[in-house]
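Enquirer: This is the structure I have questions about; it appears just below.
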Amino acid sequence: QPGSSFKPIVYSTALDNGYTPSTIVLDAPFELEQQGQDTWRPENYSKKFYGPQTLRFGLEQSRNVMTVRLANDVGMPIIAEYAKRFGIYDDMPPLLSMALGAGETTLMRMTGAYAMIANGGRKVTPSLIDRIQDRYGHTIFRHDERECRGCEADKWDNQPEPSLVDRRPVVLDPMTAYQITSMMEGVVQRGTGTALKELGKPIAGKTGTTNDEKDAWFIGFTPEMVVGVYLGYDRPKPMGKGSTGGLISAPVVRDFMKVAIADRPAIPFRVPAGIKLVRIDRKSGQRTGAGDGNAILEA
């Protein structure tokens, strides 16, 4: 079960359909009557409620009840449609518990979904083989299907640079992809993924922990690399109190990234055209001035 690592899909769906990262949602007790079953009362990991909070805060601190309330408002059928677009589930039942990652999927599918967010919302198809060449060096199979215009030239004759034609379908609006990326940068800076803060480079990600700490996830990305880690037993059983994605999975990603991006420049995430960065008080979600200690630039 992906647990909270599924939440960015819920928040992306909301952002794509009229919400902003500073929209306020109530973090308060939520109950759902179920036929023939007990009333469902989702809880936050801390067993507390935090009142009205921004979407950004809800994702950074991985608030379950806020996420359920948001999913209830947006509607599970549309979230199921986005989950299918992202390749996480082929046919997700539109049940509210699915917003908290109650359905099973694979690490490859989850990491592929995050790659689409990192890729500005364009579809990414995970593959194990990138290219096959014959003994003469001719490419006979290439996973990258983008057309390269001008790549076949024999020599340079003052012609323009080759250009890549990207016809991969757009899964998520590029502006939404940037907003959710910015919120997941907050997860690393202030939220449940602070284990990666010490890398000192732009990095976004999300933790995931399921009931009784049976599954622990962290999926993180820079503008050029996505890394997903899942920890759990083959036959799910509790890993012990406090074995959260932030505590046990995030450090694995951190240690890997430390080596993988050691000699890479600190490239910030690209802000797409049309995004405005506005100074917002991250507690209240209202516009604020430069002197506010809680101010952040919100997309």
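Enquirer: Return the residues of the range 212-235 that are open to solvent by 60 Å² or more (accessible area, probe 1.4 Å), in contact (Cβ under 8 Å) with a residue 40 or more places away in the chain and either closer than 23 Å to Glu104 by Cβ or among the aliphatic types (A, V, I, L, M) (or both); say none if nothing qualifies.
Expert: Lys214, Tyr230 - these are the residues of the range 212-235 that are open to solvent by 60 Å² or more (accessible area, probe 1.4 Å), in contact (Cβ under 8 Å) with a residue 40 or more places away in the chain and either closer than 23 Å to Glu104 by Cβ or among the aliphatic types (A, V, I, L, M) (or both).
Enquirer: Please determine, by comparing only the residues of the range 174-202 that are free of Cβ contacts under 8 Å to residues at least 60 places away in the same chain and among the β-branched types (Val, Ile, Thr), which one is surrounded by the fewest Cβ atoms within 10 Å (Cβ to Cβ).
Expert: Thr194
Enquirer: Please state which of the following conditions Gly205 fails to meet, knowing it meets all the rest: (1) more than 22 Å from Thr54 (Cβ to Cβ); (2) within 20 Å of the chain's Cα centre (by Cα); (3) open to solvent by less than 90 Å² (accessible area, probe 1.4 Å).
Expert: (1)
Enquirer: What pairs come out if I take residues in the range 265-276 that are under 13 Å from Phe221 (Cα atoms) and pair them with residues that are among the β-branched types (Val, Ile, Thr) and open to solvent by less than 70 Å² (accessible area, probe 1.4 Å) whose C-beta lies under 7 Å away, six or more apart or interchain?
Expert: Phe269/Thr181
Enquirer: Here's another thing I want to ask about it. Considering every residue within the range 219-235, establish whether at least one is under 30 Å from Leu26 (Cα atoms) and not β-branched (Val, Ile, Thr).
Expert: So far as the range 219-235 goes, yes, one or more of its residues are under 30 Å from Leu26 (Cα atoms) and not β-branched (Val, Ile, Thr).
Enquirer: Whether any residue in the range 239-256 is aromatic (Phe, Trp, Tyr), over 22 Å from Ile9 (Cα atoms) and open to solvent by 30 Å² or more (accessible area, probe 1.4 Å) is what I want to check.
Expert: Scanning the range 239-256, I find at least one residue that is aromatic (Phe, Trp, Tyr), over 22 Å from Ile9 (Cα atoms) and open to solvent by 30 Å² or more (accessible area, probe 1.4 Å), so the answer is yes.
Enquirer: Please determine whether any residue of the range 9-30 is without any contact (Cβ under 8 Å) to a residue 60 or more places away in the chain, farther than 23 Å from Val187 by Cα, part of a loop (DSSP other than H, G, I, E, B) and of a type in the set (Phe, Trp, Tyr).
Expert: Scanning the range 9-30, I find at least one residue that is without any contact (Cβ under 8 Å) to a residue 60 or more places away in the chain, farther than 23 Å from Val187 by Cα, part of a loop (DSSP other than H, G, I, E, B) and of a type in the set (Phe, Trp, Tyr), so the answer is yes.
Enquirer: Could you please give the count of residues in the range 1-32 that are among the hydroxyl-bearing types (Ser, Thr, Tyr) and closer than 19 Å to Leu107 by Cβ?
Expert: Matching residues across the range 1-32 total 2.
Enquirer: Further, regarding this structure: Which residues, taken from the range 211-229, are part of a loop (DSSP other than H, G, I, E, B) and in contact with a Pro (Cβ under 8 Å, 6 or more places away or on another chain)?
Expert: Within the range 211-229, Lys214, Pro223 qualify.
Enquirer: Here is a follow-up. Sort out which residues of the range 7-32 are under 19 Å from Ser46 (Cα atoms) and not small (Gly, Ala, Ser), and write them in order of number.
Expert: Once the filter is applied, which keeps residues that are under 19 Å from Ser46 (Cα atoms) and not small (Gly, Ala, Ser), the range 7-32 yields Lys7, Val25, Leu26, Asp27, Pro29, Phe30, Glu31.
Enquirer: Follow-up question, since we're still on this one. Just to be sure before I move on: is Gly112 touching a Pro at 6+ places or on another chain (Cβ under 6 Å) and within 24 Å of Gly186 (Cα to Cα) in the structure I sent?
Expert: Taking the combined requirement at face value, the residue satisfies it.
Enquirer: Applying the selection to the range 98-152, what residues are surrounded by fewer than 17 Cβ atoms within 10 Å (Cβ to Cβ) and among the hydroxyl-bearing types (Ser, Thr, Tyr)?
Expert: Thr106, Thr125, Ser127, Tyr136, Thr139
Enquirer: Somewhere in the range 236-255, is a residue of a type in the set (A, V, I, L, M, F, W, C), assigned to a helix (DSSP H, G or I) and touching a helix residue (DSSP H, G or I) at 6+ places or on another chain (Cβ under 6 Å)?
Expert: Among the residues of the range 236-255, at least one is of a type in the set (A, V, I, L, M, F, W, C), assigned to a helix (DSSP H, G or I) and touching a helix residue (DSSP H, G or I) at 6+ places or on another chain (Cβ under 6 Å), which makes the answer yes.
The values are calculated or read from the model by the stated rules, or taken from the named source; none is laboratory data. Quantities reported herein were computed from a predicted structural model and do not represent experimental measurements. Cβ atoms come from the backbone with ideal geometry, glycine included; neighbour counts cover every protein chain shown. Protein only, heavy atoms only, side chains kept; ligands, DNA and RNA dropped before computing areas. Shrake-Rupley method; radii C 1.70, N 1.55, O 1.52, S 1.80 Å.
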